[in-house]
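So the structure is just underneath, and the comments pick up after that.
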Amino acid sequence: MKTYSLKLIGVTLFVLSVLYFVIRLFNILDLPIFTDEAIYIRWAQIAKDDASWRFISLTDGKQPSFVWFAILLLHVVTDPLLAGRLVSVISGFLTVIGLFFLGKELFKSTRIGLISAALYVVYPMAVVYDRMALYDSLVGMFMVWSFYLTVLLARRVRLDVALILGMVIGGGVLTKTNAFFSIYLLPFSLLLLEWKKGKLKETAVKWTMLAGIASFIGFGIYNILRLSPFFHIIEEKNALFVYPLGEWLMHPFRFLVGNLSGQFDWLLTYLTIPVFALILLAPVVHIKFAREKLVLLIWFFLPFVALALFGKTLYPRFIFFMTLFLLPLAAFTIDWLSGRLKNRLLLGLILAITFAFQMRAVFGIITEFGTSPIAQSDRNQYSNDWPAGWGIKESSVFFEKEAASGPIFVATQGTFGLMPTSYEIYLSDNKNIQLKGYWPIDQTIPEELLAMSEEKTTYVVFYQPCVNCVNRFEAPVGWPVTEVARYDNPYRDSYMTIYQVKKE
Amino acid sequence: MASLGFIQYINKYRFFILSILFIIGLYFFLRLYDLTSLPLFIDEVSYVRWGILAQTDATQRFISLTDGKQPLFVWIMWPLVKVFSDPVVAGRMVSVVSGFLTIVGLFCLTKVLFKRNAIAVVTSFIYLLVPMTLLYDRLALYDSLVASLTVWSLFFLVLLVRLVRLDVAILLGYVFGLGLLTKSSIQLVMVLSPVALLLSPGLTKKRLLRLGGLFFVSIIIAFFIAQIMRLSSYHHMIGTKNTVFVYSLSEILQNPPLGVWFTNIHDLSAWFVSYMTLPILLIGILSFVLIKRDTKEKLFLLLMSILPLLSVVVLGKLIYPRYILFMLVTFLPLAGYGIWALYSQIEKKMISLALIFLIFLPSIYIDGFILKDMPNAPIPQADSLQFANSWPSGYGMMDVIRFIDARSQEGTVYLATEGLYGSLPTTLAAIYLEHNHEVVRFPIDHPLPKKLPQELMWQAEKHPVYIVLNIEQQAPSTWPVQLVERYRKGKGEYYLSLYQLKLPSSPSEK
């Protein structure tokens, strides 16, 4: 391994860290709160204030570790949305460190480690998810560290590594079910065992025992979830996104091609074509580290295909953690090119093109998310469609102002999700504001709202399509309400409308 | 070739292997023999009830925290409730299993300290026979589990100071963490961990720093594991409950409880001697002089046994004999060493064996009582009263339950029990009768009211109504009740009494 001075490595990592935090924190609150973010942040607020709700996420079949980390940040950060998003910012930073160690260990090259970390810093998909209060950045972090420790375990076959790996796997499976891949994929790291003559059997037996210990600890930590009465909901919720085996066997390959094509589209969009090309080149440019490259590809490919096979409802974020194993491959090719290409100008040009694509996407994400070149479904979900909470902040200020002069009642379209959850985040401490969600929306206004309007000023918020709403994002025509405010989505012809219920 | 090697190995270590098998066999015989003969006493009743509730109702997984008790004992019991239909067995099996792990841990600790299989085997054998370990391995209490985790903590602590390795530090952290999930007393072992530096081969600054770092890792892991209890809204109850049993530093500084300290010294030393038996204690102390080697190792064991005892003397507000179990167990390798030294120092082996037999004789004598006649067992009175001869003892309650169960075959029966939370009759009735829909349980708060609750009076007109009293030795004279049966608590002066509510209009007996 070529040695670099600690100072040089330290300076490079420092520069990468600064760049990382600039990219992750710049305008981090510009993107409005997204439905799922609102739910997770609200859970964290509730769990923070009431210890009997520490497992609240399980009521929706979600593992709790993201919420637990958000609780810690809610103690120090006043803005709830920022607190939630900072969980991902910190997770992403730990992923940068993890990728540095992974690249360094896997290819015995500090430079590849640094390039892997750099690629992550400007990886558009990471930029999106490290800036959002969603589970995926945290899952990515646990998976990268699991993989790094898996590699270490295969190479060193040591108990301390197994014990730490077990804890990291445990952290992962407390975050999201797909982190179980870090257990399922463990056997493939056998490819990395040091095959010393005559010692293979002994090493393999020892490795098997240690891998067993790591898995045991991982499962043991997962069993913490059994302390909640809602443990069983995880499986029920998984069935929403993944076909249970029995159901899948009836149509094993029906969705495979469609899913694969969709996933591949997201992959290419987020990786960008130059980086994708660098990844493809990694196995062919040099035979060196063939086993390591194969293991990286397996850790990407098997979960990717499994998702395509079993996936029922897919979102781009599901492939995030898988794509992280491709970055060291791209780093390998860049390192190889820099050693082989005598023409520095050409090398510079290749790197410039590579990073230009990435930077263009990154710049878009942090300045104009709604038009950024990322996967369309993400752009729509997080910015351009009704699940994005455009107007939440402004309308919260509006309600607070109204509540300053007396008690008000705020009704929302929807009982779970963006509404009324995001208002609960910002307004539930205000004693003058009473919140309640309504669903489904009928042609006639609920009696309760009419009665309430007699007692206090009553508002209704509409923000998503509904069967009885003639105009999307507006109240049904028969409702006795007056529009008092409207907040437009800057990227789409969608908006949020606030009405005041007329007194009878 | 390989099989020949195996046979040679067996031949070479034949005596050792046979000893181990004998100890294992005798362990389970002594622990399981007539395991249910002693009825559950009051604390066991609560723990067993918690175990059942935690298993059947997922919202009650942290139920022990409502009483300020850590949850690990209850969690270990949770799968055992599924396996054993008898709740007494399920609860006590936690201690049987813990005790077995203690014996394995003691073997490992002794072996790693003194590097001799013989001392490890003798220590394990002493563990089998010491009255305190025999008694507590047969009770559904936290203390056997605490002792087990203490022994394993010490084992990893010794390994850590000798090997200075990360894996050992992590494992030590796990054991400490499990200890924190069991009982606060494990903190004494954590605080006293630096004593293990005695065993470090050469203490350079670099080694000390590395050890410090690794120990920090252990503490962090333990801390994280203990945070699991924050998932319950009753986490704070542990601190609240501890103040009942332990003096805070400010309390001691402001008003040193000298009287309590003297009582504590007297009680703890008496319990220690009584439960260890004098010969075993003496041979443990004599281990220092019989063979003047391994002094640091012996000193380590002595300090890890005595210092927690002194801490309890100073900090203990309300103490029970069970607190000393883990300290007593820590002392046993010294006794093991002493017996081994005695055997190897005396040339005439028959004499040494006879001496060793005499050393064990008092233990065997007491063990006989523990197994066959608990009320008369010569153990500390504080325990014999609790477990057998006073109101906390469970004698009589199973007879009442069988009686009520039989009566319920004929129709609805009301059973009023004395006491609400943590009451022996109320909790035992809940354990055994909650699935009997013909039995309506009716707890009456303590102290007993002068007038019986009106509900019972009404029901007595239609159904048989029985009342069980455990702490109060006589029903208030204002109650219209008739004594059905009295059950003596062991050989003590306390009785559990079963009354029937008798009104002129009550249904007549069939």
request  = Give the residues of segment A:397-440 that are free of Cβ contacts under 8 Å to residues at least 40 places away in the same chain and assigned to a strand (DSSP E or B), sorted by residue number.
outcome  = A:433, A:434, A:435, A:436, A:437, A:438
remark   = By residue number, the members of segment B:316-331 that are within 10 Å of the chain's Cα centre (by Cα) and either aromatic (Phe, Trp, Tyr) or in a loop (DSSP other than H, G, I, E, B) (or both) are B:323, B:326
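Could you tell me how many of the residues in segment B:216-244 are of a type in the set (Gly, Ala, Ser) and crowded, with 16+ Cβ neighbours inside 10 Å? Quick ask: steps written out before the conclusion?
We begin by selecting, within segment B:216-244, every residue of a type in the set (Gly, Ala, Ser); these are B:218, B:222, B:226, B:232-233, B:239.
Now narrow it down to the ones that are crowded, with 16+ Cβ neighbours inside 10 Å: B:218, B:222, B:226, B:232.
Residues flagged as of a type in the set (Gly, Ala, Ser) and crowded, with 16+ Cβ neighbours inside 10 Å within segment B:216-244 amount to 4.
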remark   = The condition of being modelled with pLDDT under 95, of a type outside the set (Asp, Glu), assigned by TED's automatic domain parsing to the domain that holds residue B:140 and within 22 Å of residue B:142 (Cβ to Cβ) holds, among B:379, B:370, B:319, only for B:319
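Mind telling me which of the residues A:171, A:212 ends up being of a type outside the set (A, V, I, L, M, F, W, C), at pLDDT 95 or above and more than 24 Å from residue A:95 (Cα to Cα)?
A:212 is the lone residue from the list that is of a type outside the set (A, V, I, L, M, F, W, C), at pLDDT 95 or above and more than 24 Å from residue A:95 (Cα to Cα).
Do you know which of the residues in segment B:235-261 that are polar (S, T, N, Q) and outside any loop (DSSP other than H, G, I, E, B) is farthest from the other protein chains (Cβ to nearest Cβ)? Walk me through it before giving the result.
Of segment B:235-261, the ones polar (S, T, N, Q) are B:240, B:242-243, B:248, B:250, B:254-255.
Checking the rest, the ones that are also outside any loop (DSSP other than H, G, I, E, B) come to B:240, B:242-243, B:250, B:254.
Details: B:240: 14, B:242: 18, B:243: 20, B:250: 27, B:254: 32 Å.
Among residues in segment B:235-261 that are polar (S, T, N, Q) and outside any loop (DSSP other than H, G, I, E, B), the one farthest from the other protein chains (Cβ to nearest Cβ) is B:254.
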task = Look at residue B:205 and say whether it is touching a residue at least 24 places away in the same chain (Cβ under 8 Å) and of a type in the set (Lys, Arg).
result = no
key: Filter result for the condition that a residue is out of contact with any strand residue (DSSP E or B) (no Cβ under 8 Å at 6 or more places or on another chain), under 25 Å from residue B:406 (Cβ atoms) and charged (D, E, K, R), over B:489, B:502, B:450, B:462   = B:462
query = If we keep just the residues of segment B:162-183 that are part of a helix (DSSP H, G or I) and more than 12 Å from every other protein chain (Cβ to nearest Cβ), which is surrounded by the fewest Cβ atoms within 10 Å (Cβ to Cβ)?
reply = B:162
query = Which residue pairs have Cβ atoms under 6 Å apart, sit 6 or more places apart or on different chains, and have a first residue in segment A:173-191 that is in the same structural domain as residue A:55 (by TED's automatic domain parsing) and a second that is of a type in the set (Lys, Arg)?
reply = A:191/A:291
task = Would you check if there is a residue in segment A:242-253 being of a type in the set (A, V, I, L, M), within 14 Å of chain B (Cβ to nearest Cβ) and under 23 Å from residue A:317 (Cβ atoms)?
result = no
ask   = What pairs can you find where one residue is in segment B:489-505 and farther than 13 Å from residue B:456 by Cα, the other is basic (Lys, Arg) and buried (at least 20 other Cβ atoms within 10 Å of the Cβ), and their Cβ atoms are less than 8 Å apart, with a gap of 6+ or different chains?
value = B:495/B:489; B:496/B:489
Output for segment B:462-508, where each listed residue is surrounded by fewer than 21 Cβ atoms within 10 Å (Cβ to Cβ), of a type in the set (A, V, I, L, M, F, W, C) and outside any loop (DSSP other than H, G, I, E, B) = B:483, B:484
query = From the list A:85, A:111, which one is under 24 Å from residue A:66 (Cα atoms), charged (D, E, K, R) and part of a helix (DSSP H, G or I)?
reply = A:85
request  = Give segment B:38-70 a look and list any residue that's within 25 Å of residue A:56 (Cβ to Cβ), of a type in the set (Phe, Trp, Tyr) and assigned to a helix (DSSP H, G or I), or say none.
outcome  = B:50
task = Could you tell me which numbered condition residue B:357 fails, if it satisfies all but one of (1) farther than 17 Å from residue B:142 by Cα; (2) of a type in the set (A, V, I, L, M, F, W, C); (3) modelled with pLDDT under 95?
result = (3)
key: Test: residue in segment A:137-146 that is β-branched (Val, Ile, Thr), in contact (Cβ under 8 Å) with a residue 24 or more places away in the chain and closer than 30 Å to residue A:39 by Cβ   = yes
ask   = From the list B:135, B:141, B:188, B:149, which residue is in contact with a Gly (Cβ under 8 Å, 6 or more places away or on another chain), among the aliphatic types (A, V, I, L, M), closer than 30 Å to residue B:42 by Cα and away from chain A (no Cβ under 14 Å)?
value = B:149
ask   = Among the residues of segment B:40-66 satisfying the criterion of being small (Gly, Ala, Ser) and within 18 Å of residue B:429 (Cα to Cα), which is farthest from the other protein chains (Cβ to nearest Cβ)?
value = B:46
ask   = Looking at segment A:147-241, what helices (runs of 4 or more DSSP H) fall wholly within it and have at least 1 residues that are surrounded by fewer than 22 Cβ atoms within 10 Å (Cβ to Cβ) and within 14 Å of chain B (Cβ to nearest Cβ)?
value = A:159-173, A:200-222, A:232-241
task = Considering only segment B:106-118, state which residues are among the β-branched types (Val, Ile, Thr) and either touching a Pro at 6+ places or on another chain (Cβ under 6 Å) or buried (at least 24 other Cβ atoms within 10 Å of the Cβ) (or both).
result = B:110
key: Residue among B:232, B:311, B:305 that is under 25 Å from the mean Cα position of the chain (by Cα), within 14 Å of another protein chain (Cβ to nearest Cβ) and of a type in the set (S, T, N, Q)   = B:232
inquiry  = When you check residue B:25 against the structure, is it crowded, with 22+ Cβ neighbours inside 10 Å, assigned by TED's automatic domain parsing to the domain that holds residue B:230 and either part of a helix (DSSP H, G or I) or not acidic (Asp, Glu) (or both), yes or no?
reply    = no
Leading residue by the ranking (nearest to residue A:386 (Cα to Cα)) among those in segment A:33-82 that are away from every other protein chain (no Cβ under 14 Å) and not in a helix (DSSP H, G or I) = A:34
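Out of curiosity, is residue B:210 assigned to a helix (DSSP H, G or I), at pLDDT below 95 and within 14 Å of chain A (Cβ to nearest Cβ)?
no
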ask   = Which residues, taken from segment B:67-101, are of a type in the set (S, T, N, Q) and either within 12 Å of another protein chain (Cβ to nearest Cβ) or touching a residue at least 24 places away in the same chain (Cβ under 8 Å) (or both)?
value = B:70, B:95, B:98
query = If we scan segment B:43-64, do we find a residue that is within 25 Å of residue B:128 (Cα to Cα) and in contact with a Ser or Thr (Cβ under 7 Å, 6 or more places away or on another chain)?
reply = no
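The values are calculated or read from the model by the stated rules, or taken from the named source; none is laboratory data. Being a predicted model, the structure only gives us computed values, none of them experimental. All Cβ positions, even for glycine, are placed from backbone atoms using ideal geometry, and neighbour counts span all protein chains on display.
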